[in-house]
Amino acid sequence: MKQIMCLQEMEIRRPNMITKEQYNAITAPTLVVWTSHDPTATPAEGKEIAEMIPGAQYVVMNQCGHWPQFEDADTFNKLHIEFLLA
């Protein structure tokens, strides 16, 4: 757990973060799924990431925290299936 939690320290995390240029270079269709109640990041941060990816689709799952695939599996799966079929 100590090794996982070290990534919460910005000086350790920063060298591994994706840069704006790297986000801008993504060419694959991209779905950015964010949540309304994640204790680690706000929906505004998710939107900022989505806006750096050309043509990305951005969706906020309401009433979910850090694990939307478990908290609202039906909605999570529906979003992904619709995206993959489009």
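The values are calculated or read from the model by the stated rules, or taken from the named source; none is laboratory data. Please read all numbers here as calculations on a predicted model, not as lab measurements. Here the Cβ is made from the backbone with ideal geometry for all residues, glycine too, and neighbour counts use every protein chain on show. All accessible areas refer to the heavy atoms of the entire protein, side chains included, with ligands and DNA or RNA removed. Shrake-Rupley method; radii C 1.70, N 1.55, O 1.52, S 1.80 Å.
Below is a table of values for the structure above.
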{"quantity": "All positions within the range 46-66 that are surrounded by 14 or more Cβ atoms within 10 Å (Cβ to Cβ) and in a loop (DSSP other than H, G, I, E, B)", "calculated": "53, 56, 64, 65"}
{"quantity": "Residue satisfying condition, being within 11 Å of the chain's Cα centre (by Cα) and open to solvent by 40 Å² or more (accessible area, probe 1.4 Å), within set 39, 43", "calculated": "43"}
{"quantity": "Residues being under 30 Å from residue 85 (Cα atoms) and either of a type in the set (Lys, Arg) or touching a Gly at 6+ places or on another chain (Cβ under 8 Å) (or both) - total across the range 1-32", "calculated": "4"}
{"quantity": "Residue list for the range 1-52, restricted to those being touching a Pro at 6+ places or on another chain (Cβ under 8 Å) and without any contact (Cβ under 8 Å) to a residue 40 or more places away in the chain", "calculated": "24, 26, 27, 34, 35, 36"}
{"quantity": "Residue that is modelled with the highest pLDDT, among those in the range 1-30 that are β-branched (Val, Ile, Thr) and in a helix (DSSP H, G or I)", "calculated": "12"}
